């Protein structure tokens, strides 16, 4: 049975970070070249897309062998010190770093929510771009792509999307219409 194109954020359950300093909600995970939903936390993923709440300054879990692309999608900015180098991450600006690096967060303006794409580089590559959804220019999601509605009002597969709902692409393309901001995630 084919996967449903819309993944409802409200239907997903949070789980604690590995280090216990926050919580995360897995939107999707899969094998390279497959935008499929696997059981959360099964450990067999080659890529994983999640939303994490950071409510206080804390170290990030070290994930050796994982490439991370973090995008602040609510709140911000977020200060990350990665292996001793401080970076200020502004809202809606993807930031890529080594998941095995010693990473500590600081919240200069309060709590944030981050979209995280995690990749095992030996078997999966990927990217994140924040793009506008414009009424007269629908967004086409192709196979190996997902779109996460960050704000605005949009529809896909005949369904109204809520904030942080995800839409999986298909070989024939899945269309998102409306207005707002979308995180376009490509995995290959």
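Taken together, the values in this text are just the output of simple stated rules run on the coordinates, not laboratory data. Since this is a predicted model, take the numbers as computed values, not measurements. As a convention, Cβ positions derive from the backbone with ideal geometry for all residues, glycine included, and neighbour counts pool all protein chains shown.
How big is the convex hull of the Cα atoms of the stretch 87-175, per residue, in Å³?
Numbers: hull volume 10.5 nm³, N = 89.
About 118 Å³ per residue, rounded to a whole number.
Once you compute Rg and the Kirkwood Rh from C-alpha atoms, what is the Rg to Rh ratio for the stretch 53-139? In the stretch 53-139, Rg relative to Rh is 1.02.
Kirkwood hydrodynamic radius computed over the stretch 6-119 comes to 14.3 Å, based on all pairs of distinct alpha carbons.
In this rough spin-label picture, where each label sits 7 Å from Cα along the Cβ direction, the residue 162-residue 188 distance is 3.4 nm. Dimensions of the stretch 126-187 along the principal axes, based on C-alpha atoms and rounded to the nearest Å, stand at 25, 21, 19, largest first.
Based on the Cβ-Cβ distance from residue 56 to residue 96, what FRET efficiency comes out when R0 is 25 Å, to the nearest 0.05? Walk me through the numbers before you get to the answer.
Values: r = 24 Å, r/R0 = 0.96.
Rounded to the nearest 0.05, the efficiency is 0.55.
Shown is the FRET efficiency for residue 140 and residue 9, computed with R0 = 22 Å from the Cβ-Cβ distance and rounded to the nearest 0.05: 0.50. Note on residue 153 and residue 82: the model spin-label points, each 7 Å out from Cα along the C-beta direction, lie 3.8 nm apart. Between the stretch 142-175 and the stretch 60-121, the alpha-carbon centres lie 24 Å apart.
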